[in-house]
Amino acid sequence: MARPARKPRSPSGPSGPIKAGGRVTRARKAAPNSPIRIQAAEIAVDLESAPPVDGEPPAWAETRPELCDALPWFRSVQGGVYHSGGFCWGFLVDADCGIRSYIGEEVIITRVGGGCTKDADGNLVLLKDQDESCFITSIINSKEHNVPVGIIIGNRNVLLGKKLPHRYNVMAYFRVTDIWFERVGGKAGGKVRFEKIDLENKSWWAEKDSPPPSPIEQRVNIKPERVQCLECSKFSTRIYNEGWMCLQPSCKSFWTIDGSVPPVCLTFHPDLLNYRAGPDLSLQPHYSLVPDLLATINEHEGDTSASRIAWRGIVCPQCSKCISRRFWRGWKCTDDVTTGPDCNACSFEKTMNIQPVSLRSVIDDFELGPIKRALFFDRKFMTPEVDDSSLRPYRKLTYRIPGVGSVTHFVSNKAINNRTNGPNDLFHQLQASDLGLRRYPLQQSVVPGTLTAHFAVNFGMPYKYVVSVDSKGFSEAPDEILRALGRLSWATEKAVVDTADSYFLPNELLMLGYFEDMKIGYHDDGESSLGPTISTLSLGATATMYIRMKYKHYHGFSKARKLLEDDPVLQGCQFESERRTLKEQFETGEITKDGYDTLRRAALLKHSRNGEASPTIKLTLNHGDLVVMHGENLQKYYEHSVVPDKKLRFALTARYIKPDHVDEQELKKGEFTLLPDQIYDGK
């Protein structure tokens, strides 16, 4: 409550006179009464010897991706604040809460994220003044509209002073009671006070065997002091024992006590920590703190089983762990492949009764069954050579990149797809088979534990792309996989036969499964163990494939601003003409290597427009289509991405793995003999 006509109080009594208008003219620094020291994030605390907490969190996780998969109110895989639609829904307090922060059994005071970077010691440092921008505005909106905020605490947090049971622990729903600004390292940084909504029950993170909280009616009468500033006429709450300060960054008196810079060591005023806003029936959470996703899924409906919600994470009903959906057929709490043998050995498993999704539900105008698929070629992209006769009923579209390679698109149609054991039958058979599809952790990811946005299973020679995937020998492959391999072998041969290159029969097949909204970002298949040809069969929902020049070859330098040692000067690269001229001058001896690098540096680094290259080729991949990328330089200089349009899609990709890159005991996995009905003839 604002009190413009009162003096700022301290624990030891009145602190000095004020004008009749109630504005502060002088504040005497008072000795703190029962001070609570504000800890800095970098204070060393032995968390292993800290006292245990009183209970267990209602939900927990060992990785951020699992946490964000399972909790709709916290989808922030990297940041500490989750905001959406103008509101703050979730907040994480972990290793760095910032200086002058506090975590108790019912109150949390912490910094607001945004506009920070890490210094050489790993501490977060403000780069600029924070204002009522994204994060802070969303928190203000949650305060003003009575939107509770779910809070999670990480076990690297030192302010709580207790040993937490898991890496990430869901605390409870809190309300936002106060938001203000402080001076942090020369910048204005936002601070927020959260108050637990449930004040009647003891918090699970309280110290073990500590007494229950006092009745709420004994605690709601305390009110923190609010004083009007003489300079800006705005009110600010008394935060610290050492004196009242104006907390408005635009004010000349901001962050000063009686005109002086406050001391480094500050202590919270007891009223700030002890007051409680009290019960409010309008404070209703938007989401359940611990959602029950399984209760929302009807596994007997085929369209539901492959929907976006179906591959979200769940909270284990046995141990409360957040579980990402790693398996095509459901969830498993303990998984030695991703979490190791020492993880929590919970036995919970949920296998979905997956109903096959019909082609009608994933393909527009499926009933019309195009006899010849008409494709529009956008002039922003490369236009292919069109061949409607040599491989009829396929349309053969060939994109040739000079000095790099080619992309051949075999466009399918109704006659091809409807054939017995053709794409239509394959789509249904792959859904019915238990092939062992699963999601794997990305080997190189900013956030540990991040899983691929697709399910995968590998047959034949081992192939490690962006993840390490266990491989099954072709002797274990079901009939539908071998029939797909027959189609891919045919497409590989037909795409390469027009070139002077050798044809290598595929000895590996990687199958990817995509639920709704899943996709694979830009990548290349340029591993040294791979042959020059890669072929893919697309089944189910339509997808868009983009092919673009890699950043370093487009710009002539890496993202670290290092010039390429050997610039190929590809057609369509940035400053192509200037780069080609300089390279010719270097190769003919007109300029030295040092001169070549100096001129390139002047031309490229000073004038280059940063950003990724625009896609060169755009392919619309329909059900039954085949695509063959050929040429080692294609994977060296270019990268591709695939974005499905709708729900369920399978992509089966065949490659040739060089035998000298595979362990001898793995060689037999790539051996196969196709039966007559598994060999494809192009019809």
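The values are calculated or read from the model by the stated rules, or taken from the named source; none is laboratory data. All values reported here derive from a predicted model rather than from experimental measurement. With ideal geometry, Cβ positions are generated from the backbone for all residues, glycine too; neighbour counts draw on all protein chains shown.
Assorted remarks:
- Close contacts from segment 427-448, counting a first residue that is in contact (Cβ under 8 Å) with a residue 60 or more places away in the chain and a second that is assigned to a helix (DSSP H, G or I) and aliphatic (A, V, I, L, M), with Cβ to Cβ under 7 Å and a gap of 6+ residues or different chains, come to PHE427/LEU359.
- Search result, residues across segment 75-107 that are assigned to a loop (DSSP other than H, G, I, E, B) and either in contact with a helix residue (DSSP H, G or I) (Cβ under 6 Å, 6 or more places away or on another chain) or among the charged types (D, E, K, R) (or both): ARG75, VAL77, GLY86, ASP94, ASP96, ARG100, GLU105, GLU106
- Residues located in segment 240-267, provided they are under 41 Å from the mean Cα position of the chain (by Cα) and crowded, with 21+ Cβ neighbours inside 10 Å: TYR240, MET245, CYS246, LEU247, LEU266
- PRO615 being touching a strand residue (DSSP E or B) at 6+ places or on another chain (Cβ under 6 Å) and modelled with pLDDT under 95: no
- The condition of being within 27 Å of CYS316 (Cβ to Cβ) and not β-branched (Val, Ile, Thr) holds for only one of ARG193, ARG183, ARG175, ARG167, that being ARG167.
- Every listed requirement among (1) in contact with a strand residue (DSSP E or B) (Cβ under 8 Å, 6 or more places away or on another chain); (2) without any contact (Cβ under 8 Å) to a residue 60 or more places away in the chain; (3) surrounded by 17 or more Cβ atoms within 10 Å (Cβ to Cβ) is met by ARG601 save one, (3).
- Residues in segment 549-576 that are assigned to a loop (DSSP other than H, G, I, E, B) and under 17 Å from ILE401 (Cβ atoms): LYS550, ASP567, PRO568, VAL569, LEU570, GLN571, GLY572, CYS573, GLN574.
- Residue tally, condition aromatic (Phe, Trp, Tyr) and modelled with pLDDT under 95, over segment 181-207: 1
- Residue tally, condition over 14 Å from ILE139 (Cα atoms) and either of a type in the set (Phe, Trp, Tyr) or more than 18 Å from the chain's Cα centre (by Cα) (or both), over segment 51-73: 10
- Condition met for ASP594 (surrounded by 13 or more Cβ atoms within 10 Å (Cβ to Cβ) and not assigned by TED's automatic domain parsing to the domain that holds HIS523): no
- Within segment 314-344, the set of residues being among the charged types (D, E, K, R), at pLDDT 90 or above and in a loop (DSSP other than H, G, I, E, B) comprises ARG325, ARG326.
- Tabulated pairs, segment 264-286, first at positive phi, second basic (Lys, Arg) and at pLDDT below 90, C-beta under 9 angstrom, 6+ apart or interchain: GLY278/ARG219
- Residue list for segment 114-159, restricted to those being more than 23 Å from the chain's Cα centre (by Cα), at pLDDT below 75 and polar (S, T, N, Q): GLN130
- When LEU426, LEU397, LEU435 are checked against the criterion of being out of contact with any Ser or Thr (no Cβ under 9 Å at 6 or more places or on another chain) and modelled with pLDDT of 95 or more, LEU426 stands alone in meeting it.
- Residue match in segment 606-622 (condition: closer than 23 Å to LYS559 by Cα and part of a helix (DSSP H, G or I)): no
- If you go through segment 345-396 and keep only what is within 21 Å of MET545 (Cα to Cα) and in a strand (DSSP E or B), you end up with GLU385, VAL386, ASP387, ARG395, LYS396.
- Qualifying positions in segment 630-683 - of a type in the set (A, V, I, L, M) and more than 35 Å from the chain's Cα centre (by Cα): LEU667, LEU674, LEU675, ILE679
- Annotation: of all residues in segment 631-657 being touching a helix residue (DSSP H, G or I) at 6+ places or on another chain (Cβ under 6 Å) and not basic (Lys, Arg), the one that is farthest from PHE504 (Cα to Cα) is LEU648.
- Selection count, segment 397-431, where residues are part of a loop (DSSP other than H, G, I, E, B), closer than 27 Å to ILE481 by Cα and in contact with a Phe, Trp or Tyr (Cβ under 9 Å, 6 or more places away or on another chain): 2
- Spans of strands (runs of 3 or more DSSP E) in segment 500-541 with at least 3 residues surrounded by 17 or more Cβ atoms within 10 Å (Cβ to Cβ) and in contact with a Leu (Cβ under 8 Å, 6 or more places away or on another chain): 508-514, 530-540
- On the stretch given as segment 381-403, residues that are β-branched (Val, Ile, Thr), surrounded by fewer than 21 Cβ atoms within 10 Å (Cβ to Cβ) and within 39 Å of the chain's Cα centre (by Cα) total 2.
- Out of ALA491, ALA560, one residue alone is over 24 Å from ARG439 (Cβ atoms), small (Gly, Ala, Ser) and in the same structural domain as HIS428 (by TED's automatic domain parsing). It is ALA491.
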